[in-house]
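Report on the following structure.
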Amino acid sequence: MKECIAMLLAGGQGSRLYALTQKLAKPAVPFGGKYRIIDFPLSNCVNSGIDTVGILTQYQPLVLNEYIGNGQPWDLDRLHGGVHVLPPYQKASGSDWYKGTANAIYQNINFIDSYDPEYVLILSGDHIYKMDYAKMLDFHKTRQADCTIAVLEVPWADTSRFGIMTTDADGVITRFEEKPKKAESNLASMGIYIFSWKKLRAYLEQDEEDKKSANDFGKNIIPAMLDSAQRLVAYPFEGYWKDVGTIDSLWEANMDLLDPSVPLDVWDESWKIYARTPAQPPHHLSSLAHVENAMITEGCEVDGEVDFSILFSNVHVGAGAVVRDSIVMPGCVIEDGAQINYAILAENVTVKKGAIIGSRPEHMEDIEKWGVAVVGEGVTVGPGAKVGPKAMISQDVKEVL
Amino acid sequence: MVNLNAMGIVFPNMHDSVIPDLTAHRTMASVPFAGRYRLIDFVLSGMVLAGVQNVGVIVKKNYQSLMDHLGSGREWDLARKRGGLKIFPPSGYSSYEYHGRIGALKGILAYIESSKEKYVILADCDVVCDLDYAELIERHAASGADVTIAYTKEKMTPALMNNNVSLAMAPSGRVRELMINDEQTGRRNLSMGVLVMGREFLTETIRSAYSRGLVKFEQEILAKNLDTIKVYGYEYTGYRSRIADMASYFDANMQLLYRENLNRLLPEDRPIYTKVRDEAPVRYTVGCKVKNCTVADGCIIEGEVENCIIFRGVTIGKGAVVKNCVLMQNTAVAPGVRMDYVITDKDVTITEGQYLGGTRSFQVFVKKGSTV
């Protein structure tokens, strides 16, 4: 028996990341130099003492499956428990894709029951944050809640993008609204729930009976529990948390790692973020290199300029090349004299000599047309070619003579 | 990749005495190297890449750091049900401290005898290289030799004179003369401390040698019986560094500031495995100035750094100027420090405003855990 197990929703397509999620699910998108997004909730689990995690996958699961493997990098290769990747499967009664977040859990009731847990922690695989779930579980227990939802104060202007909780003076949730036009509160749900399993199990079964239900936690399960006067409490979280569902927010969250005033510290020994990493030699900066305000990891070779940027493993930056305000994912080659500004290069992109990707806002006549340029996995940008700001490239770009 | 039909036996404590500063608390095999490795990583990774799946490590003393490094052998893919990594502490079978290779091997005779592989590779850890063990075995089998010794052609140095096995060979490659700590100058054929032989040949040799009180494999067995034992040389011409004293250790690290050398020792398609430390990427802050450095993960660099090998988890504070140094794991250099030609061992702290300086031929060494 386990007191608390975690279920991590990792089936999302991440369609607003366009070229970055053509071949992989959003939780598998590389982040922060040597991580993938899913490393954050997974490492949080382990650091919080949770040793059993079910990962619900559906969209493009290949990369994610291989990445998780037996869970060893997160210390989740356990005799009892550990990490389990849970795709939809065929049952005697038929088979279904996961119809919604709640349905994904419903279809895995047997998995959860096999550990006979008191509590179930529901997480999503598209947020960057560090959080001690053990504290949240303590809170859930002392408040004798049926469901505890982690909440974050957001600016009032942003409330229409979130699920907003209204609470009474004791932090008991009285109202929940998904993306309200006029919010009553600025406490946003972080998509992190702890349920008492018996309660959740009953509501999942009830929700499944309702053929009109979207089978979604935010839209169906939480409102149903509120309607029947269950005890839902808000767990106030302070600290860094970011939804990285869009190109801009993904870019910003990466850049936050370079800002010493932002409380997201991956160098903190007491709360390590674990990742599966290939064996690579140390990186090398030559005498020609100029590197400032950057994160660089193993296997890189830099002869050019890197400023306010993140280089993932095995990135080569040629002489005279300039990489500014950009995120360069594993295996990219940036040849001599190329320029990368405000861009995200997915894995194994080659930028040939003298090519220019992205642009700086100060160089734009029409700032509306400015934005982060994205080059998809494996794309080659030919010598001298130009990829404009805000571009979304998923096919090779020809040489420009 | 298929099983190579060879087992490996590694001797971590051989050559401990050549760099006493670095082996005060560790074996030669666990001496840190090239930013994120230990010397044994090159031996184990090379064997694993060649298809060796059964490796015994015979430790003698100071082996805590090595045990910690190796763990179950998982990082080298050697945590296996069949074979895998086995560490043999001394006195496993009898209550004496062994002497020589034969003494060490006698202690694990049962393990060698119960293994199934046809060949055995014996390996020391003092030559850092990218040796192709599969080719070595192939050559050994093709030549019909009893023993094949991997060697390199080296210019003799004073440091090497005290610690070498040199070979003189006939044109066929058969070893005619085998000399221990030979002092002849010029280019010599020096053993890499990597020897291949049939497993049964080895067990028979151990038994007969041990009963006659002979413990030194090269000196007392091979060198004296070159007429009856067919010993062949195998020349390795790839990138290597011989660690023969502190100066050669420093130089071997510094050579990896040249990207060509880095790529020859650590080619992309032949990974060298090591213990994973789960470090974040290196953080270069605003105002740092870094030229010609080889840097492992987990470091935070705020100062000026030039021509340095920087191991995992090193921090260099603002305004510090660090040149021509080898800084091992978790070295903390405070703001304003100036260092030139310094080697710091693990967990060293250099406090604010200090100046430490050596020269190209003589480096200052700061021992493990100390604060300057």
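The local environment of residue B:306, defined by Cβ-Cβ distances under 9 Å, has a net charge of +2 under the rule Lys, Arg +1 and Asp, Glu -1. Summed over the residues of the stretch A:268-401 and divided among them, the accessible surface reaches 39 Å² per residue at a probe radius of 1.4 Å. For the pair A and B, the buried accessible area comes to roughly 3100 Å² in total, with a 1.4 Å probe and the value rounded to the nearest 100. For the residues of A:40-52, the average number of beta carbons from a partner chain within 10 Å of their own beta carbon is 0. The stretch A:385-399 and the stretch A:1-53 have their alpha-carbon centroids 29 Å apart. Cα-based radius of gyration for the protein assembly as shown, normalised by 2.2 N^0.38 Å, reads 1.08. Its Kirkwood hydrodynamic radius, worked out from the mean inverse distance over all distinct Cα pairs, puts chain B at 21.5 Å.
Listed values for the stretch A:113-119 are Karplus-derived 3J(HN,Hα) couplings in whole Hz (6.51 cos²θ - 1.76 cosθ + 1.60, θ = phi - 60°), namely 4, 5, 9, 6, x, 6, 10, and x replaces Gly and Pro.
The string of couplings for the stretch B:18-34 from the Karplus curve (6.51, -1.76, 1.60, θ = phi - 60°) is 6, 10, x, 4, 7, 9, 4, 10, 7, 8, 4, 4, 9, 5, x, 8, 6 Hz, one whole number per residue in order, with x for Gly and Pro. In terms of its Cα atoms, the stretch B:7-77 spans 34, 26, 19 Å along the principal axes, sorted from long to short.
Helix B:199-211 and the longest principal axis of the C-alpha atoms of chain B enclose an angle of approximately 80°.
Most tightly packed first, judged by the mean number of other beta-carbon atoms within 10 Å of their residues, the peptides A:243-250, A:6-13 read A:6-13, A:243-250. With only Cα atoms counted, the stretch B:184-238 has Rg and Dmax values of 13.2, 39 Å.
Considering every residue in A:295-303, what mean count of other chain Cβ atoms within 10 Å of its Cβ is obtained? Averaged over the peptide's residues, the number is 5. With Cα atoms defining each centre, the stretch B:1-78 and the stretch A:124-171 are spaced 49 Å apart in the structure. A simple charge model with +1 on the Cβ of Lys and Arg, -1 on the Cβ of Asp and Glu and nothing else charged puts the dipole of the stretch B:1-138 at about 560 debye relative to its Cα centre. Pick from B:316, B:301, B:229 the residue whose mean-square fluctuation is largest in a GNM of chain B, springs joining Cα atoms under 10 Å. It is B:229. Structure note, pairs A:135/A:199; A:99/A:211; B:289/B:323; B:61/B:106: Cα-Cα distances above 19 angstrom occur for A:135/A:199. The spacing between the stretch A:352-366 and the stretch A:104-118, judged by their C-alpha centroids, is 51 Å. In a Debye calculation with equal point scatterers on the alpha-carbon sites of the stretch B:158-314 and no solvent, what is log10 I(q)/I(0) at q = 0.15 Å⁻¹? The computed values of log10 I(q)/I(0) come out as -0.96. Only the Cβ atoms of Lys and Arg (+1) and of Asp and Glu (-1) were treated as charged; on that basis the dipole of the stretch B:33-77 about its Cα centre amounts to roughly 180 debye. Shape annotation for the stretch A:217-368: C-alpha extents along the principal axes are 66, 43, 28 Å, from largest to smallest.
Going by accessible surface with a 1.4 Å probe and the largest first, B:26, B:139, A:276 read B:139, A:276, B:26.
So how many Å³ per residue does the convex hull of the Cα atoms of the stretch B:228-281 work out to?
179
Between the residues A:84, A:104, A:364, the greatest Cα displacement towards the positive end of the dipole of the protein assembly as shown, with unit charges on the Cβ of Lys, Arg, Asp and Glu, is found for A:84. Mean per-residue shielding of peptide B:287-296 is 6, counting Cβ atoms of other chains within 10 Å of each Cβ. Distances between placed amide hydrogens fall under 5 Å for residue A:386 paired with A:356, all partners being 5 or more residues away or on another chain. Here the label points at residue B:172 and residue A:92, each 7 Å from Cα along the C-beta direction, are separated by 7.5 nm in the simple model. Between the listed residues B:300, B:213, B:238, the Cα displaced farthest toward the positive end of the dipole of the stretch B:212-319, a dipole computed from Cβ unit charges relative to the Cα centre, is found at B:213. Once you list every other residue whose beta carbon is under 13 Å from the beta carbon of residue A:308, what net charge do they have if Lys and Arg are +1 and Asp and Glu are -1? Counting the neighbours of residue A:308, the net charge comes to -4.
The convex hull built on the alpha-carbon positions of the stretch B:128-180 has an orientation-averaged projected area of 4.5 nm². Net charge dipole, the stretch A:325-401: roughly 120 debye, given to the nearest 20, about the Cα centre with Cβ charges of +1 for Lys and Arg and -1 for Asp and Glu. Seen against the Cα atoms of chain B and their longest principal axis, helix B:133-143 is set at about 20 degrees.
Qualifying chymotrypsin sites (Phe, Trp or Tyr not before Pro) in the stretch B:270-372, where qualification requires a DSSP coil assignment and no more than 14 other C-beta atoms within 10 Å, comprise B:362. The amide H of residue B:372, built 1.01 Å from its N in the peptide plane, has B:349, B:350, B:351 as neighbours under 5 Å, considering only residues 5 or more places off or on other chains. Normalised size of chain A, defined as Cα radius of gyration per 2.2 N^0.38 Å with N residues, equals 1.04. With bins 5 Å wide beginning at 0, the percent of Cα pairs of the stretch B:48-205 falling in each bin runs 2, 7, 15, 18, 21, 17, 12, 6, 2, 0. Near residue A:2: Cβ cut-off under 14 Å, other residues only, Lys/Arg at +1 and Asp/Glu at -1. The net charge is -4.
Its residues counted as N, the stretch A:1-96 yields a C-alpha radius of gyration over 2.2 N^0.38 Å of 1.12.
Share of carbon and sulfur in the accessible area of the stretch A:262-334 stands at 52%, probe radius 1.4 Å. Among the listed pairs B:60/B:86; A:130/A:198; A:34/A:386, those with a Cα-Cα distance over 21 Å are A:130/A:198; A:34/A:386.
Sequence-ordered 3J(HN,Hα) estimates for the stretch A:270-287 from the Karplus curve with 6.51, -1.76 and 1.60 and θ = phi - 60° stand at 7, 9, 6, 9, 8, 8, 8, 10, x, 6, 10, x, x, 8, 10, 10, 7, 5 Hz, glycine and proline given as x. Candidates B:62, B:14, B:172 compared by Cα position along the dipole of the protein assembly as shown: farthest toward the positive end lies B:172, with charges placed on Cβ.
The values are calculated or read from the model by the stated rules, or taken from the named source; none is laboratory data. Worth saying up front: this structure is predicted, and the values here are computed from it rather than measured. Note that we place each Cβ from the backbone using ideal geometry, even for glycine, and neighbour counts take in every protein chain shown. In case anyone asks, the SASA skips ligands and DNA or RNA and just uses the protein heavy atoms, side chains included. Shrake-Rupley method; radii C 1.70, N 1.55, O 1.52, S 1.80 Å.
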